[in-house]
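The values are calculated or read from the model by the stated rules, or taken from the named source; none is laboratory data. Model, not experiment: these values are computed from the prediction. Note that we place each Cβ from the backbone using ideal geometry, even for glycine, and neighbour counts take in every protein chain shown. For accessibility, only protein heavy atoms count, side chains too; no ligands or nucleic acids. Shrake-Rupley method; radii C 1.70, N 1.55, O 1.52, S 1.80 Å.
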Amino acid sequence: MTDDNQEPRFAFSVNAETFVPKDEKQIVATACFKNKCLLSTALILVKDKYSEWQTFRALLDSGSETCLISNECANKLRLKTERINTLISCLNDASMVVNGCVKVAISNQNKSFERELDMLVVKKITDFIPQKALEINSDFYNFVELADSKFNVPGKIDLLLGANIFYELLKPERIKIKDSQLLLVNSVFGYIVTGNLDSMNETKVHCGLIRDEDLNKNLEKFWKLEEIQEPIVKNKERLICEEHYANTHFRTKEGKYVVSMPLKKEPSCLGNSKDIALKRLGSLWNR
């Protein structure tokens, strides 16, 4: 297993099979990535409304300034949600409005590590991690306790533990896997499997960079619509109306705008219509 004065090494091989069934109609991407990095996952205990501990799967993400919990997970725990109004900013100026926040108590399996965190409630944190099933041929399971014994099986993520807690979870022990780029990193939850997998062509890449930003500033960007300039065709009558408005309008002391009614012909063309209108108004008023 180990050589004198050397770090422990384990035989390890990975064979990746696609998790999604193959289809004759496949999407062809313009870019492929030869290496696939394993994201850090852990099975953690979370306290529910009745102070009972339940096991959920968490993603450990140092690229996030906040902790997240899925709406499904929060409902299972029956946690009380506090109403908030904040915005999560993601890559490429994408934004998501969040309306709920909960206090969540987490722990490792032996209860030697417990913390209470404020988490934002979101509909979905990320897709299945990993995206493909990994066939593992190794005996290191017999020598270390893994934070997620099914790290190689695609599964949903219930919680995200961000940078405010990430480095507190890590321990100094590291184990390099022989003949690979993988690394076992010890944590309060057990050893996390991380590092690169060779010879894996990927068309989809996960990035967990999210951060809270000033609400007013982002709402302004969120609701801003692109203006479409439509050409305005000005005929002769439109030009006459604009000139009439410019020459006759004024503003009263009360702040109201007044403009005289534009007429195509002289008012005399209306005949005795004024007298008729006054008589009709008078008869209505007397009623």
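Observations on the model:
- Sorting 144-151, 245-252 by their mean Cβ neighbour count within 10 Å, with the most densely packed peptide first, gives 144-151, 245-252.
- Added length on full extension, which subtracts the Cα-Cα distance from 0.36 nm per residue, GLU145 to ARG83: 18.4 nm
- With all protein chains in place and a 1.4 Å probe, the accessible surface of the stretch 244-287 carries 58 percent carbon and sulfur.
- Gyration tensor (alpha-carbon) shape descriptor, the stretch 73-127, a/c threshold 1.5: prolate
- Two-site label geometry, ARG174 and THR248: point separation in nm, points 7 Å out along Cα→Cβ: 8.3
- Of LYS123/LYS150; LYS124/LYS171; LYS103/LYS123; LYS111/LYS178; LYS80/LYS124; LYS124/LYS156, pairs whose Cα-Cα distance is over 21 Å: LYS123/LYS150; LYS124/LYS171; LYS111/LYS178
- Placing a pseudo-label 7 Å from each Cα along the Cα-to-Cβ vector at GLN54 and ASP127 gives an inter-label distance of 2.7 nm.
- Full-extension gain in nm, ALA105 to CYS37, via 0.36 nm per residue minus C-alpha separation: 21.6 nm
- Per residue, the accessible area of the stretch 56-176 comes to 52 Å² when a 1.4 Å probe rolls over the protein heavy atoms.
- Distance-filtered residues of the stretch 260-285 - backbone nitrogen under 14 Å, label point 7 angstrom along GLU237 Cα→Cβ: 262-265
- Residue-wise HN-Hα coupling along the stretch 57-68, computed from phi with Karplus coefficients 6.51, -1.76, 1.60 (Hz; x: Gly, Pro): 9, 10, 9, 8, 10, 6, x, 10, 7, 9, 9, 10
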